[in-house]
Ligand code: G6P
């Protein structure tokens, strides 16, 4: 029977070195949960990088065996691969380009060579496991060349690609010297998915102009087959967040945290350290709010969780310095002995503590400058089981297309965000409830499991349609 292979740059675990040994830390991410029902069943498997370098062949062999038990197979990256493929081309060329930060883009031919080499390594790792009729579902921008490499080797396979970050306008894509190869790479797929309709439109326009392939109603006409392109907004494991927020454990943590912060109104922000998230801009807004509204002093605090990420990449290092400085300034200017304006944490938190932060906060301030989807805002809404609280959400996050009952803001409009915070602070409980309930309804219905189902159903439909066209 044909099996399904999931492929992403990172496996849903990460490998850590400890005292000369290694250990696996499972990922708690939504994607890992959503795809769990797929890769854990039958002969299916997940292929990817275990997140750390391992040079010793004996250790590699041990890791392969252990991962096999978890239904995973590793692609080992060397230090050079990590520098040139992961930090380099993926995160210094594609990531800034796709998030419209063209000033951070690096055009390095060696990084491009590494990107091609590592995509080829992924292809070889898959070919060791794949049969000609298998389904292979490739995820995200680190592996844009992979669908075509697979198609060339396995012409009859079912190949899908989903991009988790934005797809920008043709005007940005054309800046990348290797744009044609990248787009042709993705077009090895049978189904190509994005979070939003706009991403999909940008992709189709770039494919038309750069590769010359034409499309109609979401179908690209390739040489000998049709390729479907559509938007599939990704959801979260709604039930998990709802259940955790209601649990005694989380509620006890809330009591404990509340005892420590007092009865200040709380604004929550949680992000990976990334310039696309607009963290410095948000601190400026909060600073301005405190400047303008002296009545809020002592009565409002921001809980700012910044999860370390890509800390070897120069732009990320600089961002960390900038955030440290800005937080220091605000706190130095306004703190009192019993009030801290910004509680700043540069680390991740265990799930039950995150759930407590979501549950106890009055406002979630989610203001990325650009974001493919953003799941934090969805997790906040799912965790508000008492139906109070306000979500302030950037129009530049893919999630804003679904969460129209959030208070939507343009993150570049400082005064607009300040006004939104003030609106949230003074919003009547009935209005908070109406907005939260309506968003909860949608998020519960289109959760991560539904997302996987809709995507895989569509993939089956596309294959059927292709077969019908061939038999005509
Ligand atoms: C985004 C990307 C993922 C990536 C994640 C963490 O969500 O879409 O592909 O895995 O960030 O980034 P990292 O560089 O640590 O894998």
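The values are calculated or read from the model by the stated rules, or taken from the named source; none is laboratory data. Here the structure is a predicted model, which means the values were calculated and not measured. Virtual Cβ from ideal backbone geometry, glycine too; neighbours counted across all protein chains shown.
Just wondering, is there one or more residues in the stretch 294-305 that are closer than 30 Å to residue 238 by Cβ, within 16 Å of the ligand (Cβ to nearest atom) and either surrounded by 15 or more Cβ atoms within 10 Å (Cβ to Cβ) or under 29 Å from the mean Cα position of the chain (by Cα) (or both)?
Within the stretch 294-305 (the criterion being closer than 30 Å to residue 238 by Cβ, within 16 Å of the ligand (Cβ to nearest atom) and either surrounded by 15 or more Cβ atoms within 10 Å (Cβ to Cβ) or under 29 Å from the mean Cα position of the chain (by Cα) (or both)), the answer is yes, since at least one residue qualifies.
For a quick check of your reading: which strands (runs of 3 or more DSSP E) sit entirely within the stretch 338-425 and have at least 3 residues that are within 25 Å of residue 308 (Cα to Cα)? Spell out how you get there, then give the answer.
On the way: elements: 342-345, 363-366, 390-394, 407-409.
Filter on the stretch 338-425 gives 342-345, 363-366, 390-394.
Residue under question is residue 100, and the condition is that it be at pLDDT 95 or above and touching a helix residue (DSSP H, G or I) at 6+ places or on another chain (Cβ under 6 Å); does it hold?
On the way: at pLDDT 95 or above: yes; touching a helix residue (DSSP H, G or I) at 6+ places or on another chain (Cβ under 6 Å): no.
So residue 100 fails the test.
Pull up the stretch 57-110, narrow it to residues that are under 23 Å from residue 163 (Cβ atoms) and more than 23 Å from the chain's Cα centre (by Cα), then point me to the one that is farthest from the ligand (Cβ to nearest atom).
Ranking the qualifying residues of the stretch 57-110, first place goes to 107.
Kindly indicate whether residue 220 is closer than 30 Å to residue 463 by Cα, buried (at least 21 other Cβ atoms within 10 Å of the Cβ) and touching a strand residue (DSSP E or B) at 6+ places or on another chain (Cβ under 6 Å).
Working: closer than 30 Å to residue 463 by Cα: yes; buried (at least 21 other Cβ atoms within 10 Å of the Cβ): yes; touching a strand residue (DSSP E or B) at 6+ places or on another chain (Cβ under 6 Å): yes.
Judged against the criteria, residue 220 is a match.
Go through the stretch 1-31 and give me each residue that's within 16 Å of the ligand (Cβ to nearest atom) and outside any strand (DSSP E or B).
11, 12, 27, 28, 29, 30, 31
I'm trying to understand the selection: among the residues of the stretch 32-49, which are modelled with pLDDT of 90 or more and either part of a strand (DSSP E or B) or within 12 Å of the ligand (Cβ to nearest atom) (or both)?
Of everything in the stretch 32-49, those that are modelled with pLDDT of 90 or more and either part of a strand (DSSP E or B) or within 12 Å of the ligand (Cβ to nearest atom) (or both) turn out to be 45, 46, 47, 48, 49.
For residue 150, only one of the following conditions fails: (1) under 19 Å from residue 8 (Cβ atoms); (2) more than 16 Å from the ligand (Cβ to nearest atom); (3) in a loop (DSSP other than H, G, I, E, B). What is its number?
It fails just one condition, (3).
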